[in-house]
Amino acid sequence: QPATLGRGDAGSTKAAAHFVFVPLNEQGHLIPAVDTALLLATHGALCTIVAPPSTAARVRHTVDAARHSGLPVRLVEFPLDYAAAGLPEGADHADRIEPRYMMSYYRAVALLRAPIERYLRARAPYPTCVVSDFFNPWTTELAAGLGVPRLSFFCMCAFSILCQHNLERFHAFAGVEDSNEPVVVPGLETRRVVVTRAQAPGFLRGIPIPEWEALADYIERARAEADGVIFNTFLELEPEYAAGYAAARGMKVWTVGPVSLYHQQAGAAATLASRGKGNNDTPAVDAAGCLRWLDGRDPGSVLYVSFGSIVQPEPKQVVELGLGLEASGHPFVWVVRNAGGYDEAVRAFLDELEARVAGRGLIVRGWAPQAVILSHAAAGGFVTHCGWNSMLEAIVAGLPVVTWPHFADQFLNEKMAVEVLGIGVSVGVKEPLIYQAVKKEIVVGRDVVEAAVRSVMGGGEEAERRRRRVRALAAKARAAVQEGGSSHANLLDLVKRFEPRDN
Ligand code: UDP
């Protein structure tokens, strides 16, 4: 008989739902998955997060803090068998692995199925649902072995997922030779969205990594066979796309976001500051230092610039971006991921720029407490690569965006920001900047950067309209996660629906 774990349910003898989260190592997947687990735990479900040690290290602090505050959540580590997977020892951060080892990495993670199943069988309470990152298709077999349902967890928006799904379902690019020729996304009822194959090559398609196509097929099968989908988005942001995806797949969709609001709601400022910060991502500035710096700036005056946890701009691009920021005249916090990995010339450029803009520009060389910075009153705009978490964090903070997509769902997210929501200005990149089949040098010039920044941070009528729109969305985001809100209701529904059947 499963243990009773429900909180706020005094006197009840009902056993609680027990979700097993199988996240991915990439920060953009891992952070929202863990936040979702914490939210479900807040509503009384037990959540067990299973992960290899390097993945667990990135979220250990956050999970431990939640556990100590009384949430029924646990993080269990399973070591990777490097030799069995043909993976070099220690190559276990998916965002740093050389592309040639990528498949071995996913093989190593998939080999965790048997030990995870053994662990879960041996310990009460028995799981009632597996929540798997869509990138872990082997969880189909895990859930089947355990005899429990499996939900796909998407760290992307419903709009991008539905567009991608429809492009494939209706073979929209069939017969289109030129990968830069725009086609209309089929099956969207209320909007005409135009996209190229280069920007939306098919879900996880067109990536020049050996065996990748086979993995993409396996992932698609696993997605089609899922018992439902959890999205880190909120219904009011994209009702027709959430409903559209549910209808297209014939499965239930739960929108539970923005999950970053968990930390603010829980009053857990410390965990928000350290989200995703593992031992390999030591921040160059601490949250307190950043906040002090921001305290000295005018409200809404600071531009935050970051390309997330995977994108690493080319040296030339770093220089053009830096000069564009300088020329814009606006205060900025610029996060340069893995700055130490650049050559001497780029590092010297950054040092000199920092000296020239002293007091006006802060360069963070490494991992930044992004969500904390964005929610500071001094933040006024965000230059983003359009990773969905970053986009949603911008919306939560009520910040208009300069959109600079690089790959994956980012071009569709840009369309969401610029065309659907009207909260962004594009720098005009038309083709993927990383994972290109044929390497092309595409550099956004300093003038383009400056113009886009001025447009978003400036005081013109359109800039004001953008601000008003995104602030209205921020209010809706907050309402969604509060009692009576759509995401709140969906979390409660999940907890109820996946209670043990013999309750
Ligand atoms: N992030 C952060 N500090 C950094 C870089 C990223 O806290 O220096 C967080 C960011 O807040 C977001 C996630 O990492 O929650 C990145 O996800 P996103 O989908 O935006 O982009 P990805 O990294 O997957 O490309």
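Quick notes on this one:
- Working note: Karplus 6.51/-1.76/1.60 with θ = phi - 60° gives region 296-302 the couplings x, 10, 5, x, x, 9, 9 Hz, where Gly and Pro are set to x.
- Placing a pseudo-label 7 Å from each Cα along the Cα-to-Cβ vector at D447 and A472 gives an inter-label distance of 3.5 nm.
- Distance between the modelled labels on E211 and A377, one decimal in nanometres: 5.5 nm (7 Å Cα→Cβ projection).
- Distance between region 103-127 and region 139-210 - C-alpha centres, whole angstrom: 28 Å
- Helix axis angle, 344-356 relative to the chain longest principal axis, alpha carbon, degrees: 70 degrees
- For the chain: relative contact order, % (alpha-carbon pairs under 8 angstrom, 6 or more apart): 17 percent
- Checked against a 24 Å cut-off, the cross-linked pairs K277/K440; K415/K476; K252/K476; K316/K430; K430/K476 give Cα-Cα distances beyond that limit for K277/K440; K430/K476.
- Förster-model FRET efficiency, 25 Å R0, E462 and E419, C-beta, rounded to 0.05: 0.95
- Relative to the dominant Cα principal axis of the chain, helix 461-481 is inclined by about 10°.
- For region 161-282, accessible area per residue (1.4 Å probe, heavy atoms of protein chains only), Å²: 42 Å²
- Summarising the amide proton neighbourhood of A378: residues at separation of 5 or more, or on other chains, whose placed amide H is nearer than 5 Å comprise G300.
- Database remark: amide H of I363 closer than 5 angstrom to the amide H of W334 (H placed geometrically; neighbours at sequence offset of 5 or more, or on other chains; Pro and chain starts carry no H).
- Shape call, region 382-461: gyration tensor on alpha carbons, a/c limit 1.5: oblate
- Normalising the average separation of contacting C-alpha pairs (under 8 angstrom, six or more residues apart) by the number of residues puts the relative contact order of region 343-466 at 18 percent.
- Rounded to 10°, Cα long-axis angle of helix 239-249 versus longest principal axis of the chain: 50 degrees
- The residues of region 361-439 have, on average, 24 Å² of accessible surface per residue, using a 1.4 Å probe with all protein chains present.
- In Å, descending, principal axis extents of the Cα set of the chain: 65, 54, 49
- Fraction of accessible area attributable to carbon and sulfur, the chain (%, probe 1.4 Å): 52 percent
- Around the amide H of V130, modelled in the peptide plane, lie the amide H atoms of V20, R150, L151, all under 5 Å away and 5 or more residues distant in sequence or on another chain.
- Alpha-carbon centroids, region 367-437 and region 448-494: separation in whole Å: 12 Å
- Three-way shape label, region 281-432, alpha-carbon gyration tensor, a/c 1.5: oblate
- Across region 406-414, coupling constants 3J(HN,Hα) worked out from phi with the 6.51/-1.76/1.60 Karplus curve, θ = phi - 60°, read 10, 6, 6, 6, 5, 5, 5, 5, 4 Hz, and Gly and Pro carry x.
- Around A15: net Lys/Arg minus Asp/Glu count, Cβ-Cβ under 9 Å: -1
- Computed from the C-beta positions of E314 and K496 and an R0 of 30 Å, the FRET efficiency is 0.05 to the nearest 0.05.
The values are calculated or read from the model by the stated rules, or taken from the named source; none is laboratory data. The structure presented is a predicted model; accordingly, all values stated were derived computationally and were not measured. Cβ atoms come from the backbone with ideal geometry, glycine included; neighbour counts cover every protein chain shown. Note: areas computed on protein heavy atoms with side chains; ligands, DNA, RNA excluded. Shrake-Rupley method; radii C 1.70, N 1.55, O 1.52, S 1.80 Å.
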